[in-house]
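Visitor: Below is one structure. I have some questions about it.
The values are calculated or read from the model by the stated rules, or taken from the named source; none is laboratory data. Please read these numbers as outputs of a predicted model, since none were measured by experiment. For neighbour counting, all protein chains shown are included, and Cβ atoms are generated from backbone atoms with ideal geometry for every residue, glycine included. Areas reflect the complete protein model, heavy atoms only, side chains present, ligands, DNA and RNA absent. Shrake-Rupley method; radii C 1.70, N 1.55, O 1.52, S 1.80 Å.
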Amino acid sequence: MLEGRPVRESITEYSEFALPNDANHLGNLLGGKVMHLVDIAGAIAAMRHARRPVVTVSIDSMSFLHPVHIGQLVILRASVNRVFRTSMEVGVKVVMEDLTAAVVKHTSSAYLTFVALDENGNPAEVSPVIPETTEEKRRFEDAGRRREHRLGLRRR
Ligand SMILES: CC(C)(COP(=O)(O)OP(=O)(O)OC[C@H]1O[C@@H](n2cnc3c(N)ncnc32)[C@H](O)[C@@H]1OP(=O)(O)O)[C@@H](O)C(=O)NCCC(=O)NCCS
């Protein structure tokens, strides 16, 4: 059994300034760009925890609560909610910050499952994650329920 690591050791914050190249025709950041950033932030947290390369195996549904306008900052906060064996659930919270108006809004949240790979590209066992705070313990419990749902969908 691998030694556990606290959630706090792999918490990741990743930010990107919304630039015109990534805008839709209304001048807001494309939803697909936000999903791309969510995948990157989640993968960094997963790799930082597993200390191995990881691949995304599933992304749960995502909602967009507010548009991100060009010129605003997108901030992604990712942490490992729970490790199963070779897979782990990572939660990513997306907020936008308007730097001049000093406004911060929660725009999306997503749960992603990453699988760690060994030197031959096969799934590799990951160290357990140790939830310490009340919030981390709640996410750990909820992640178990979400996994059952995901694997049920996969079987179907
Ligand atoms: C990830 C991958 C290596 C897993 O291979 P596999 O043959 O399905 O391996 P397994 O069945 O042993 O599953 C590995 C783990 O993933 C989990 N898993 C597989 N499919 C899943 C899904 N849809 N949702 C959640 N977990 C899933 C399994 O439960 C298992 O977890 P555990 O070891 O913690 O119990 C393989 O599916 C793959 O290479 N996928 C492409 C990944 C990729 O390229 N992603 C980038 C986007 S294109």
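Visitor: Select from PRO20, GLY31, ALA50 the residue farthest towards the positive end of the dipole of the stretch 7-60; place +1 on Cβ of Lys and Arg, -1 on Cβ of Asp and Glu, and compute about the Cα centre.
Guide: ALA50
Visitor: Amide H of ILE70 versus every other amide H placed in the peptide plane: which residues, excluding those fewer than 5 positions away on the same chain, fall under 5 Å?
Guide: Counting only residues 5 or more places away or on other chains, the set is LEU29.
Visitor: By how many nm would the segment from ILE11 to HIS25 grow when fully extended, if each residue of separation counts as 0.36 nm and the alpha-carbon distance is taken off?
Guide: Computed gain between ILE11 and HIS25 is 1.6 nm.
Visitor: Further, regarding this structure: Helix 31-50 sits at what angle to the longest principal axis of the chain, using alpha carbons and giving 0 to 90 degrees rounded to 10?
Guide: With rounding to tens, the tilt is 30 degrees.
Visitor: Which lysines, if any, have their Cα less than 30 Å from the Cα of LYS33, not counting same-chain residues under 8 positions apart?
Guide: LYS93, LYS105
Visitor: A further question follows. Rounded to the nearest 0.05, what FRET efficiency is calculated for LEU153 and ASP98 with R0 set to 25 Å and r the Cβ-Cβ distance?
Guide: 0.10
Visitor: Additional query: Give me log10 I(q)/I(0) at q = 0.25 Å⁻¹ for the stretch 82-156, Debye formula, one equal scatterer per alpha-carbon, no solvent.
Guide: So the normalised log intensities work out to -1.17.
Visitor: Just to be sure I follow the definition: excluding the sites themselves, where is the longest run in the chain that has none of the GluC sites (Glu not before Pro) in a DSSP loop with at most 16 other Cβ atoms within 10 Å?
Guide: So the longest stretch without any such site is 4-118.
Visitor: Give, rounded to the nearest 20 debye, the magnitude of the charge dipole that the stretch 5-155 has about its Cα centre when Lys and Arg contribute +1 at Cβ and Asp and Glu contribute -1 at Cβ.
Guide: Its charge dipole is roughly 480 debye.
Visitor: A follow-up question, please. Please give the per residue accessible area of the chain, computed with a probe of 1.4 Å over protein heavy atoms only, in Å².
Guide: Numbers: 8890 Å² over 156 residues.
Counting only protein heavy atoms, the per-residue value for the chain is 57 Å².
Visitor: Using a 1.4 Å probe on the protein chains only, how many percent of the accessible area of the stretch 45-146 belongs to carbon and sulfur?
Guide: The computed percentage sits at 51.
Visitor: Still on this structure, please answer the following. Restricting to Cα pairs below 8 Å that are 6+ residues apart, what does the relative contact order work out to for the chain? Please round to a whole percent.
Guide: Relative contact order here is 28 percent.
Visitor: Would you kindly work out the equivalent ellipsoid of the chain from its C-alpha gyration tensor and give its semi-axes, the square roots of five times the eigenvalues, largest first in whole Å?
Guide: Its equivalent ellipsoid spans semi-axes of 29, 16, 15 Å.
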